[in-house]
Amino acid sequence: MKKLIAFIISLLLTMSISAQNQTTTTKTTKGTNQENIYPPKYRLIPTDIRWNYIKLNTRNGLMWHVKIDIEEDTRFENYLSTLTLIEENKEVNGRFKLYTTDNIYTFILLDQIDGRMWQVSWFEETGSINLVLIK
């Protein structure tokens, strides 16, 4: 009987220590991934066109064309869209997300809160976009 009680006590102590270690590990893991805690205001989306990116304001849907290069005079950042897609009082970091498609000049912009979507057609030559609301 004494052996059984000693076994049960040691089993409970082992489980308690194991549970404490798992809790500590979970806190550490969550603490290192700050994106889950603080969604970013801006995202840089790579395109299939060399050295060209789209910078997205995830709060309101504004977009910029960003080009990087070895040559300083060919680097730039220009507005692609100047129209915010949401009222200022409804802006939230991480609200908008840009998805690539099979066409290198077409993206889908998703409002992750209300579900609206836009087809974004990007014209590299003119540095402009066409936003069409998908119904």
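No value in this document is a laboratory result; all are computed from the given coordinates. Note that the structure is predicted; figures quoted are calculated from it, not measured. All Cβ positions, glycine included, derive from the backbone under ideal geometry; neighbour counts span all protein chains shown.
Tabulated values for the structure
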{"quantity": "Residue-count net charge about Asn60 - beta-carbon cut-off 14 Å; Lys, Arg +1, Asp, Glu -1", "calculated": "+3"}
{"quantity": "Value of Rg/Rh across the range 33-135 [Cα atoms, Kirkwood radius]", "calculated": "0.97"}
